[in-house]
Amino acid sequence: SDEFKMVLGALELYDKTVAHAMTRYEDIFMLPDTLNLSADMVTQILEMGYTRIPIYEKKGLDDDGGRINSKDRKNVIALLFVKDLALLDPADSHNVMKIASIYNHEVRRVLVDMPLRNMLEEFKRGEYHMALVERLVEQEDKDPIYELCGLITLEDIIEEIIQCEIIDE
Ligand code: ADP
């Protein structure tokens, strides 16, 4: 039955890690902290359809002239909830980081090899519903660093459970 398959999907959460279910880094929609929100920009953000948007610290221009250094995107410093834009007057062209600072939603981080089962338990506690996924990168002669590699929400885990049902049929 479908129920049986979904139980199997849930059981697989013991073997799978966050890496299996996350949205990959390249596909994360995020915004630079320097961005000022024009009415057009707000419209575009709404059209993306995401509830929560990571804000990264933009450190400036890179060597090849003018392009945003893609490494900057790994440096997430805040979360913007789209609902926080509701009361703003777009004519004021608010800075995105200023808004994020007012609401100050906590940026939660987990390791990429965390078992999905544990991640699900975390989300069930209800304190947060999205986490940035990081991996540990060893460095010669230095302490290892954490590097952003994805983003995970409860929705991703539920999909992982249901997916098993689809593949099995
Ligand atoms: P939303 O309410 O924003 O759609 P969900 O928790 O329902 O978020 O997740 C739906 C899917 O969108 C998941 O696969 C999740 O990883 C992905 N997702 C959520 N926020 C973002 C974002 N800012 N950029 C890219 N993908 C995202």
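A few remarks follow.
- Contact annotation: residue pairs with Cβ atoms under 6 Å, 6 or more positions apart or on different chains, pairing a residue in the stretch 92-110 that is loosely packed, with under 13 Cβ neighbours inside 10 Å with a partner that is charged (D, E, K, R) and assigned to a helix (DSSP H, G or I), are 103/84.
- Taking first residues from the stretch 119-136 that are in contact (Cβ under 8 Å) with a residue 12 or more places away in the chain and partners that are of a type in the set (Ser, Thr, Tyr) and surrounded by fewer than 18 Cβ atoms within 10 Å (Cβ to Cβ), the Cβ contacts under 7 Å between residues at least 6 apart in sequence or on separate chains come to 134/146; 136/146.
- Residue identified as hydrophobic (A, V, I, L, M, F, W, C), crowded, with 17+ Cβ neighbours inside 10 Å, modelled with pLDDT under 90 and more than 10 Å from the ligand (Cβ to nearest atom) among 164, 149: 164
- Some residue of the stretch 43-63 being at pLDDT 95 or above, under 24 Å from residue 82 (Cβ atoms) and touching a Lys or Arg at 6+ places or on another chain (Cβ under 7 Å): yes
- The set of residues in the stretch 31-49 that are crowded, with 17+ Cβ neighbours inside 10 Å, within 23 Å of residue 129 (Cβ to Cβ) and of a type outside the set (Val, Ile, Thr) comprises 31, 33.
- Taking the criterion of being exposed (fewer than 15 other Cβ atoms within 10 Å of the Cβ), more than 10 Å from the ligand (Cβ to nearest atom) and under 23 Å from residue 130 (Cα atoms), no residue of the stretch 50-64 qualifies.
The values are calculated or read from the model by the stated rules, or taken from the named source; none is laboratory data. Note that the coordinates shown come from a computational prediction; the quantities given were computed from them, not determined experimentally. Backbone-built Cβ (ideal geometry, glycine too); neighbour counts: all protein chains shown.
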